[in-house]
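Shown below is the structure under consideration.
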Amino acid sequence: MISLKNCNKYFHKGSVNEVFALNSVNLDIAEGDFISIIGSNGAGKSTLLNSIAGVFMLDSGSIMIGDRDVTSWPEYKRAKFLSRVFQDPLLGTCPSATIEQNIALAKKRGQWRGFSRGVKVKDRPEFQEKLKILGLGLENRLQDKVGLLSGGQRQALTMLMATMIRPEVLLLDEHVAALDPKTARQILTLTEEIVGHQELTTLMITHNMKHAIQFGNRLIMLHQGRVISDVAGEEKKNLTVGDLLQKFYASSEEELVTDAMLLA
């Protein structure tokens, strides 16, 4: 489904601030995989998602999505079959538009929108049915401005909008990090239901190791732009937070030893 071959990405290349954000990353992601991605700050998690989304181009390597080589495709072209939910609940919706206007826009993702009326009366029953899935009563607030919603309500709406038209790939960039624990749990449960029901190929960045273990069928750990752990199935189910910490510290210690040898 998604294949990354020898992907490399630098920032500020050739300067004193040079960062090797992706270091020879090779990944094969099967259709329907729900992958949780963890790693320390600067490990390359968001860079990986940005590379798949086309936010910026790789310095070298290739990215295939399905049978398409999208390595040189701009972001807008990939957006036809790829959806993304960000950490900030404010980013996924238009606050000055109503709930139904936001959903109407999401329904036309990847289509020519033309100049017809944005919200059609015949669409409202469908919108209400979709919103009932969220269990937040938003189906009775179609004309409310999205800016009036809480962060959790907006993120739930964003999840619905991102999957209104089934995407081939769903990217979740720490999409519950800005929410309180109770709301985060609700959004994660909603995420699991939507991903499972639509059998979506999903990559989810999280800093919460418990969430990384609990959600998804596969877990990838990044460190300084490299994949240092990739587990799935029963092995993933049997992981503990202690196991993940041990993998991280083992990699960090190995790197320190290597650096010391190079400096000797």
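Tell me, which residue of segment 220-248 that is among the hydrophobic types (A, V, I, L, M, F, W, C) and not in a helix (DSSP H, G or I) is surrounded by the fewest Cβ atoms within 10 Å (Cβ to Cβ)? Don't jump to the end; show me each part of the working.
The initial filter retains those residues of segment 220-248 that are among the hydrophobic types (A, V, I, L, M, F, W, C), namely 220-222, 227-228, 231-232, 239, 241, 244-245, 248.
Still in the list and also not in a helix (DSSP H, G or I): 220-222, 227-228, 231-232, 239.
Values: 220: 24, 221: 23, 222: 25, 227: 21, 228: 18, 231: 18, 232: 15, 239: 18.
My answer is 232.
Sticking with this one: Could you say which residue among 202, 183 is buried (at least 18 other Cβ atoms within 10 Å of the Cβ) and at pLDDT 95 or above?
On the way: 183 fails: at pLDDT 95 or above.
Result: 202 is the single residue among 202, 183 that is buried (at least 18 other Cβ atoms within 10 Å of the Cβ) and at pLDDT 95 or above.
Turning to a different aspect of this structure: Within segment 178-207, how many residues turn out to be part of a helix (DSSP H, G or I), over 22 Å from residue 1 (Cα atoms) and touching a residue at least 40 places away in the same chain (Cβ under 8 Å)?
Keep residues of segment 178-207 that are part of a helix (DSSP H, G or I), which gives 181-198.
From what is left, the residues that are over 22 Å from residue 1 (Cα atoms) are 181-190.
From what is left, the residues that are touching a residue at least 40 places away in the same chain (Cβ under 8 Å) are 190.
Number satisfying all stated conditions: 1.
Hey, another quick one. Determine whether segment 56-70 contains at least one residue that is crowded, with 20+ Cβ neighbours inside 10 Å, in a helix (DSSP H, G or I) and modelled with pLDDT of 95 or more.
The answer is no; no qualifying residue exists.
Another question about this same structure. Residue check, residue 104 against (1) within 18 Å of the chain's Cα centre (by Cα); (2) at negative phi; (3) of a type outside the set (Ser, Thr, Tyr), all met but one. Which one?
Looking at each condition in turn, residue 104 falls short on (1).
Continuing with the same structure: Test each condition in (1) assigned to a helix (DSSP H, G or I); (2) modelled with pLDDT under 95 for residue 41 and report the one that comes out false.
Going through the list (1) assigned to a helix (DSSP H, G or I); (2) modelled with pLDDT under 95, residue 41 breaks only (1).
Please go through segment 120-177 and give me each residue that is assigned to a helix (DSSP H, G or I) and touching an Asp or Glu at 6+ places or on another chain (Cβ under 7 Å), ordered by number.
Taking segment 120-177 first, the residues assigned to a helix (DSSP H, G or I) are 121-132, 138-140, 146-148, 151-162.
124, 127, 128, 131, 132 - these are the residues of segment 120-177 that are assigned to a helix (DSSP H, G or I) and touching an Asp or Glu at 6+ places or on another chain (Cβ under 7 Å).
Assess whether residue 93 counts as being in contact with a strand residue (DSSP E or B) (Cβ under 9 Å, 6 or more places away or on another chain), surrounded by 16 or more Cβ atoms within 10 Å (Cβ to Cβ) and of a type outside the set (Gly, Ala, Ser). Talk me through it step by step, then tell me what you get.
Working: in contact with a strand residue (DSSP E or B) (Cβ under 9 Å, 6 or more places away or on another chain): no; surrounded by 16 or more Cβ atoms within 10 Å (Cβ to Cβ): yes; of a type outside the set (Gly, Ala, Ser): yes.
So residue 93 fails the test.
So residue 175 fits all but one of (1) surrounded by fewer than 19 Cβ atoms within 10 Å (Cβ to Cβ); (2) under 17 Å from residue 87 (Cα atoms); what number is the exception?
With respect to (1) surrounded by fewer than 19 Cβ atoms within 10 Å (Cβ to Cβ); (2) under 17 Å from residue 87 (Cα atoms), residue 175 is out only on (1).
OK, next. I'd like to verify a number: residues in segment 12-42 that are farther than 15 Å from residue 204 by Cβ and either of a type in the set (A, V, I, L, M) or in contact (Cβ under 8 Å) with a residue 12 or more places away in the chain (or both), how many? I'd like the intermediate steps shown before the answer.
If we filter segment 12-42 for residues that are farther than 15 Å from residue 204 by Cβ, which is where we start, we get 12-26, 28, 30-31, 40-42.
Now narrow it down to the ones that are either of a type in the set (A, V, I, L, M) or in contact (Cβ under 8 Å) with a residue 12 or more places away in the chain (or both): 13, 16, 19-26, 28, 30-31, 40, 42.
Residues that pass the stated criteria total 15.
Kindly check whether there is at least one residue in segment 107-125 that is surrounded by fewer than 18 Cβ atoms within 10 Å (Cβ to Cβ), modelled with pLDDT of 90 or more and among the polar types (S, T, N, Q).
No; the residues of segment 107-125 include none that is surrounded by fewer than 18 Cβ atoms within 10 Å (Cβ to Cβ), modelled with pLDDT of 90 or more and among the polar types (S, T, N, Q).
Is it the case that some residue within segment 139-152 is out of contact with any helix residue (DSSP H, G or I) (no Cβ under 6 Å at 6 or more places or on another chain), surrounded by 18 or more Cβ atoms within 10 Å (Cβ to Cβ) and closer than 24 Å to residue 45 by Cβ?
Looking for residues that are out of contact with any helix residue (DSSP H, G or I) (no Cβ under 6 Å at 6 or more places or on another chain), surrounded by 18 or more Cβ atoms within 10 Å (Cβ to Cβ) and closer than 24 Å to residue 45 by Cβ, one finds none in segment 139-152, hence no.
The values are calculated or read from the model by the stated rules, or taken from the named source; none is laboratory data. Predicted model, so just to flag it, every value in this text is computed and none were measured. Here Cβ is always computed from backbone atoms with ideal geometry, including for glycine, and neighbour counts include all displayed protein chains.
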